[in-house]
1. Treating only the Cα positions of the stretch 1-71 as identical point scatterers, give the base-10 log of I(q)/I(0) from the Debye formula at each q in 0.12, 0.16, 0.18, 0.20 Å⁻¹.
2. Only helices at least 24 Å long along their axis, Cα-based, and averaging 0.0 or more on Kyte-Doolittle count here, so list those DSSP H runs from the chain.
3. So how compact is the chain: Cα radius of gyration and Dmax in angstrom?
4. In sequence order, what are the phi-derived ³J(HN,Hα) couplings for the stretch 172-181 according to the Karplus relation 6.51 cos²θ - 1.76 cosθ + 1.60 with θ = phi - 60°, rounded to whole Hz, with x for glycine and proline?
5. Show me the GluC sites (Glu not before Pro) within the stretch 31-104 that DSSP assigns to loop and that have at most 11 other Cβ atoms within 10 Å of their Cβ.
6. Tell me, what is the per residue accessible area of the stretch 28-141 in Å², probe radius 1.4 Å?
7. How large is the helix-only mean residue ellipticity at 222 nm for the chain, computed as the sum of -39500 (n - 2.57) over DSSP H runs with n ≥ 4, divided by its residue count, in deg cm²/dmol to the nearest 500?
8. Using a/c under 1.5 as the rounded threshold, could you call the stretch 101-249 rounded, prolate or oblate? The axes a ≥ b ≥ c are square roots of the C-alpha gyration tensor eigenvalues, and prolate needs a/b larger than b/c, oblate otherwise.
Amino acid sequence: MDLNADLGEGFGRWTLTEDEALLTCVTSANVACGFHAGDASVMRRVCDAAAERGVRIGAQVSYRDLAGFGRRAMDVPAAELTAEIAYQIGALRVFAEAAGSTVSYVKPHGALYNRVVRDEEQAAAVVAGVLLAGGRPVVLGLPGSRLLAHAEAAGLTAVEEAFADRAYTPHGTLVPRGETGAVVHDAEEVVRRSVGMAVDGAVTGVDGSRIAVAARSLCVHGDTPGAAALALRVRTALEEAGVSVRAFA
């Protein structure tokens with residue numbers, strides 16, 4: 001099982017994610033590319049640190065929404081979205097390659113991530129942006145999403161992920177952040193759910209139902225308070241349960 005987290009979610013003098021600490025325990029880093037968070041200095045610093053530790057670098061692409069942290073619904077024309085996805089990947093690739101690494105995968109963030117679960121046009125536009133950027137990175141997304149379907153149709157490798165600290169609906173999608181209980185804050189519960197998804201391939205939904213989760217990567221949100229300590233606990237618990245924690249790309 002891969003363990004990923006969102007990194008580089010700062011801007012200028014403001015820092016949100018515990019990048020250095022998270023890089024000691026995750027195997028893949030979803031690096032903000034400047035549209036929901038991050039800037040050139042932040043991207044360079046995170047890429048240098050990730051490459052030094054052998055952590056895979058992923059482009060966490062987003063709608064152009066710094067003020068809303070990429071979590072507001074936006075209607076972006078397909079052609080424009082394709083160009084913006086390629087732009088973000090290209091920007092991060094400069095710093096990844098300068099650090100001696102590369103952009104191994106692409107993962108949408110926030111509102112875009114949830115939109116491409118069902119929206120055919122937006123999902124196709126994201127995949128078109130990945131292709132436009134070149135390099136054929138892996139596409140990371142929710143199991144059963146239109147994003148992964150379009151990625152596979154385009155000949156790209158699609159990898160499913162699960163979320164350690166997010167609640168699931170009975171349909172296997174994430175509970176919207178605006179709803180009560182969308183984020184799981186209890187560390188013991190996060191650890192228990194993580195091991196359950198990795199070992200049993202299932203998680204309990206908000207309605208108490210048992211939901212099948214087939215995933216090769218597990219995400220711990222970097223902007224969650226105490227995210228680094230939580231990610232370390234999750235990794236330790238996975239290894240104690242006999243799960244090999246390694247990058248998928």
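The values are calculated or read from the model by the stated rules, or taken from the named source; none is laboratory data. All figures in this text were calculated on a predicted structure; none of them were measured in a lab. Cβ atoms come from the backbone with ideal geometry, glycine included; neighbour counts cover every protein chain shown. Side chains are part of the model used for accessible areas, which takes the heavy atoms of the whole protein and leaves out ligands, DNA and RNA. Shrake-Rupley method; radii C 1.70, N 1.55, O 1.52, S 1.80 Å.
1. -0.27, -0.47, -0.59, -0.73
2. 78-98
3. Calculated on Cα positions, Rg and Dmax stand at 16.5, 47 Å.
4. Result, ordered by residue: x, 9, 7, 5, x, 4, x, 9, 4, x Hz.
5. Here no loop site has a sparse enough neighbourhood.
6. 38
7. Values: 8 runs with 94 residues, N = 249.
Using -39500 (n - 2.57) per qualifying helix, the result is -11500 deg cm²/dmol.
8. It comes out prolate by the Cα gyration axes.
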